Structures are given as C-alpha cells and as structure tokens.
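Just so you know, all these numbers are worked out from the coordinates, no wet-lab data involved. Values in this document were obtained by computation on a predicted structure and should not be read as measured data. Every residue, glycine among them, receives a Cβ derived from its backbone with ideal geometry; neighbour counts consider all protein chains shown.
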Amino acid sequence: MRSELPEIPHSLCTAFMYWMFNGGHVGKVSKEGVLLKKGENVAKIYCDGKAHPSYKMNEYCVIRYELFLKQWLKYGVKFLNELNACADLKIKKAHGANYLKFAA
C-alpha cells in the first residue's frame, strides 16, 4: 500500500465523477464525502462539503483516477471538455426538473 495517496484537484472532480458514473458507478454523499460504488468496490473522495483545492481519495479511487488520467493523456483536452459539458448539462436538467416540481 502507498504511504501517501495522491489527491484529486477540485478542478477535475466533476469530469472524474461523471466518468465514473459512465463506468457504472453509483454516487452517494455521506459524512465521509462522496462514495462511488460499483459492485463491492467503493471509491471515496473525502470532503467536508466545502470547496478545497484538492481532496484525498481511498486506494480504489486512486486506481480509477490513474486510469482516468491515462485516458486524458490518450485523448487530450477534448476528453475533459466533453465530460465537463455532459456533466454540466445533466446538472442543469436536474435543477430544471426540481424547479418544475416545486413550481407546480
């Protein structure tokens, strides 16, 4: 096991989590932070609900993050831009659906 786990920068969290969702992970917010679960595997991004420059991750999350970074290197900035754009659209749709639900 690594002595010091890498941290994920805040600026990559949205793209990374959307990439994880596309890979079949299901997200949940807990006291520990964000949990991304697929089968028996649980990736954890430790946060306290406040924005920080970066966040610690558990070992499984680091493994997935390294794969994410390899894909970013392979496909370039377009890879990140597309993930961020899709995530932003999904967030806007969710906010719109909530607004309509409460407006009705």
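In table form, for the structure just shown:
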quantity: Correct option for Rg/Rh (Cα atoms, Kirkwood Rh) [calculated from the coordinates] among [x] 0.93; [y] 0.97; [z] 1.00; calculated: [z]
quantity: 222 nm mean residue ellipticity, helices alone, for the chain (DSSP H n ≥ 4; -39,500 (n - 2.57); rounded to 500); calculated: -18500 deg cm²/dmol
quantity: Estimated dipole of the chain in Debye, rounded to 20 [Cβ of Lys and Arg +1, of Asp and Glu -1, Cα centre]; calculated: 320 debye
quantity: Likely footprinting exposure, 45, 91, fewest C-beta neighbours within 10 Å first; calculated: 91, 45
quantity: Cβ-based charge dipole, the chain, positive-most Cα from 24, 94, 81; calculated: 94
